[in-house]
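First up is the structure itself, then whatever we jot down about it.
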Amino acid sequence: MKIVLMGPPGAGKGTQAKSISLRYSIPHISTGDIFRKNISNNTELGLKAKSFIENGDLVPDEITIALLLDRLNQEDCLDGFLLDGFPRSIGQAEALDKYLLERKQHLDAVLLITVPSEFIIDRMTGRRSCISCGASYHIRYNPPFTSGKCDICGCDIIQRKDDTEEVLRERLEVYQSQTRPLIDYYKSMGILKEVDGTQSINAVFENMTRILGSAYNK
Ligand code: ADP
Ligand code: AMP
């Protein structure tokens, strides 16, 4: 199963990706998580990406596409994958299509999580993230069992530097101008499925599995 999760920042992509990855036994690939790991390890890639991320801008396509295709070439992606936060531009979507076409593969579904803008600031400023596995929590809607510690791996959870209102405004503008055009791109391919992201975390997950069940058994 090859799936893309789309939606504005705060839609719930990372939250759902963890559960979908477990349910379908496919790797969860978050370009944001990969960049953050590289930043905390002070790698060359991390140094290149850092200022773009801190300003809420996209890391340039040439860097991001190379990183993602390299990840897709790893063995655990042979039977499928779940992309969270990629593609974010038409150039990235075209590069992904080209990669899949060359391997006679295709995406099974692009799940678009829709959330009105009034939900987003509240979700993002209350978000807390695991420094190790990237799991996403919320101080009110999805707190961890033990305060400050990740339920999954036990590591510390923190507020991301780019989850401030100021950076968020830029991230939302970038979503509108560069990522939103992908909705029409995938609609025209007939693989875009919309999910109402305002429901509870569990209800969104149930809807997604229903949609994926029918997309995969077509
Ligand atoms: P994204 O990966 O799309 O940026 P996240 O999955 O990190 O978004 O979710 C953003 C914030 O909203 C997190 O704090 C998360 O706990 C919370 N959240 C996610 N889904 C829901 C939901 N359905 N209802 C309420 N809060 C949610
Ligand atoms: P995320 O964790 O998905 O919210 O991503 C955090 C930040 O990482 C984004 O605001 C971008 O700066 C960068 N990033 C993640 N994925 C991509 C991508 N596909 N293209 C460009 N930049 C990205």
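The values are calculated or read from the model by the stated rules, or taken from the named source; none is laboratory data. Everything numeric in this text was worked out from a predicted model, so none of it was measured. In this analysis, Cβ positions are derived from the backbone assuming ideal geometry, glycine residues included, and neighbour counts consider all displayed protein chains. For accessibility, only protein heavy atoms count, side chains too; no ligands or nucleic acids. Shrake-Rupley method; radii C 1.70, N 1.55, O 1.52, S 1.80 Å.
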Sequence gap at least 6, Cα distance under 8 Å: using those rules, report the relative contact order of the chain to the nearest whole percent. 30
Placing each pseudo-label 7 Å from Cα in the direction of the beta carbon, residue 79 and residue 183 end up separated by a distance in nanometres of 3.5
Could you pull the accessible area for residue 164 with a 1.4 Å probe, rounded to 10 Å²? 60
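Tell me the relative contact order for the stretch 61-145 as a rounded percent, counting alpha carbon contacts under 8 Å between residues six or more apart.
On the way: 33 pairs, mean separation 13.1, N = 85.
This gives 15 percent for the stretch 61-145.
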Would the chain count as rounded, prolate or oblate if I go by the C-alpha gyration tensor, calling it rounded below 1.5 in a/c and otherwise prolate when a/b exceeds b/c, oblate otherwise? rounded
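Largest first, what is the accessible-area ranking of 58, 112, 47 with a 1.4 Å probe?
Per-residue accessible area, sorted high to low, gives 47, 58, 112.
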Would you mind counting up the charge near residue 178? Only other residues with Cβ under 14 Å from its Cβ, with Lys and Arg at +1 and Asp and Glu at -1. -3
Using only the Cα atoms of the stretch 15-61, what do you get for the radius of gyration and for Dmax, in Å? 12.9, 35
Accessible area (Å², per residue) of the stretch 13-127, counting only protein heavy atoms and a probe of 1.4 Å: 49
